[in-house]
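The values are calculated or read from the model by the stated rules, or taken from the named source; none is laboratory data. The structure presented is a predicted model; accordingly, all values stated were derived computationally and were not measured. Here the Cβ is made from the backbone with ideal geometry for all residues, glycine too, and neighbour counts use every protein chain on show.
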């Protein structure tokens, strides 16, 4: 293969690589990419990076009561530190994404992890809740750098079916990390005060900084970078927002994530408050939901051998919307007891596990020349909408009916939007999905010689 170029089929939402005549810049890109570690090693590195966000959000949750007591604030005020973290994650992605398109992936990533470490030290030293809240916001911004750069690297190196496969592996991390993080935080609290949770996060971030410095090469060649100018950054965001299919795919991913946030925030109240489950029984049901989500993300890898990411996304949304309708009907009718809650929710989560890796992969494939900014919009939408849904569920009473309407409505809106823009744009996919071509190129790029 003399060089590698890319052509976009925007109606199909694909980025198709093919061989062409040599080009100086493109040859440089291939030469740089040829030094990449193997694909498995790369996925492990990216997985570790995306885990920083969930660890930052969830690891300190068991410490909230102690924080409220020691800093003499109410529980609701102490929970605002979580809001600050989510806001930092959303805002940080919008900043780091364009920076990574201009400066390369490594420098913004390293700076973000260092910011996370400094903010964690500020959390340890925080004398009051105000300082802790600001420090948590800075922590979120630092974690955002790890998340957005990891997703942008996927856009740099992979496309189409391969990108969706890699995203499925990263979703495994995103599914496991939030489940394990509170347990890790609780283990730390057994041996010390809440300050030690943030000391642990300093250690985690330091390990990630060393790993990224040693194992993550630069994936964005200088010839492919964008000028660092406010007008250019704004122009890139406008370009992305004018692409209706990209916007719809981001909306689909955000609605999927918001449904997951809604379930996580409401499940304790519904299962323990309404159905009377004790902590052990609740943990088992919650673990079943995690297994459904994680299992489907890994089954997605098998499905991608036969179907395109677009087809899987449409089918998964249809499945989740149908399960949601059943959920609403059973909840309104007050029949079925606990099973009427658990079974439909598990079905919806399984569908989400197929939507969450595929929709972002196809969205990023539409703008490989601005993968960092595209990943920033994607992440900001997911965390922003997810953060808004949790208090909305609380305002509606944290009941099963409110959860059923939110989860079902989100999946139905996502499906309708995807089908509407697909019908307007005409044929969604080529007659033959170019998975083999993408596989060949991804191996040439990522696997060592």
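Can you name every residue in segment 97-117 that is crowded, with 23+ Cβ neighbours inside 10 Å and not in a helix (DSSP H, G or I)?
Passing the criteria: only 105.
I'd like to check something: does segment 29-39 contain any residue that is modelled with pLDDT under 80 and closer than 19 Å to residue 143 by Cα?
From segment 29-39, those modelled with pLDDT under 80 are 29-39; that's our starting set.
Still in the list and also closer than 19 Å to residue 143 by Cα: none.
Looking for residues that are modelled with pLDDT under 80 and closer than 19 Å to residue 143 by Cα, one finds none in segment 29-39, hence no.
Scanning for something more than 17 Å from residue 60 (Cα to Cα) and crowded, with 22+ Cβ neighbours inside 10 Å, does segment 122-145 turn up at least one residue?
Looking for residues that are more than 17 Å from residue 60 (Cα to Cα) and crowded, with 22+ Cβ neighbours inside 10 Å, one finds at least one in segment 122-145, hence yes.
For residues that are without any contact (Cβ under 8 Å) to a residue 12 or more places away in the chain and farther than 30 Å from residue 181 by Cα, scanning just segment 242-277, find the one that is nearest to the chain's Cα centre (by Cα).
Per the criteria, the residue is 247.
Looking at segment 189-231, which of the residues that are without any contact (Cβ under 8 Å) to a residue 60 or more places away in the chain and within 14 Å of residue 97 (Cα to Cα) is surrounded by the most Cβ atoms within 10 Å (Cβ to Cβ)?
Restricting attention to segment 189-231, the residues satisfying the condition of being without any contact (Cβ under 8 Å) to a residue 60 or more places away in the chain are 190-192, 196, 203, 207, 210, 214, 229-231.
Those left that are additionally within 14 Å of residue 97 (Cα to Cα): 229-230.
Values: 229: 11, 230: 8.
Step by step, filter segment 189-231, then rank; the result is 229.
Got a number for residues in segment 340-363 being more than 15 Å from residue 309 (Cβ to Cβ) and free of Cβ contacts under 8 Å to residues at least 60 places away in the same chain?
6
Give me a count of the residues in segment 278-319 that are closer than 20 Å to residue 177 by Cα and in a loop (DSSP other than H, G, I, E, B).
0
Collect the residues in segment 55-93 that are touching a residue at least 60 places away in the same chain (Cβ under 8 Å), under 22 Å from the mean Cα position of the chain (by Cα) and surrounded by 21 or more Cβ atoms within 10 Å (Cβ to Cβ), keeping them in residue-number order.
55, 56, 57, 58, 59, 60, 86, 89, 90, 93
Kindly indicate which of 378, 317, 354, 304 is closer than 30 Å to residue 223 by Cα and buried (at least 21 other Cβ atoms within 10 Å of the Cβ). Steps first, answer last, please.
Working: 317 fails: closer than 30 Å to residue 223 by Cα; 354 fails: closer than 30 Å to residue 223 by Cα; 304 fails: closer than 30 Å to residue 223 by Cα.
Testing whether each residue is closer than 30 Å to residue 223 by Cα and buried (at least 21 other Cβ atoms within 10 Å of the Cβ) leaves just 378.
Working only within segment 240-264, note down all residues that are under 20 Å from residue 345 (Cβ atoms) and surrounded by fewer than 20 Cβ atoms within 10 Å (Cβ to Cβ).
264
Applying the selection to segment 155-165, what residues are over 10 Å from residue 298 (Cα atoms) and part of a helix (DSSP H, G or I)? Lay out the reasoning, then the answer.
First pass over segment 155-165, keeping only residues over 10 Å from residue 298 (Cα atoms): 155-164.
155, 156, 157, 160, 161, 162, 163, 164 - these are the residues of segment 155-165 that are over 10 Å from residue 298 (Cα atoms) and part of a helix (DSSP H, G or I).
Just give me the residues in segment 326-336 being loosely packed, with under 15 Cβ neighbours inside 10 Å and touching a residue at least 24 places away in the same chain (Cβ under 8 Å), in sequence order.
332
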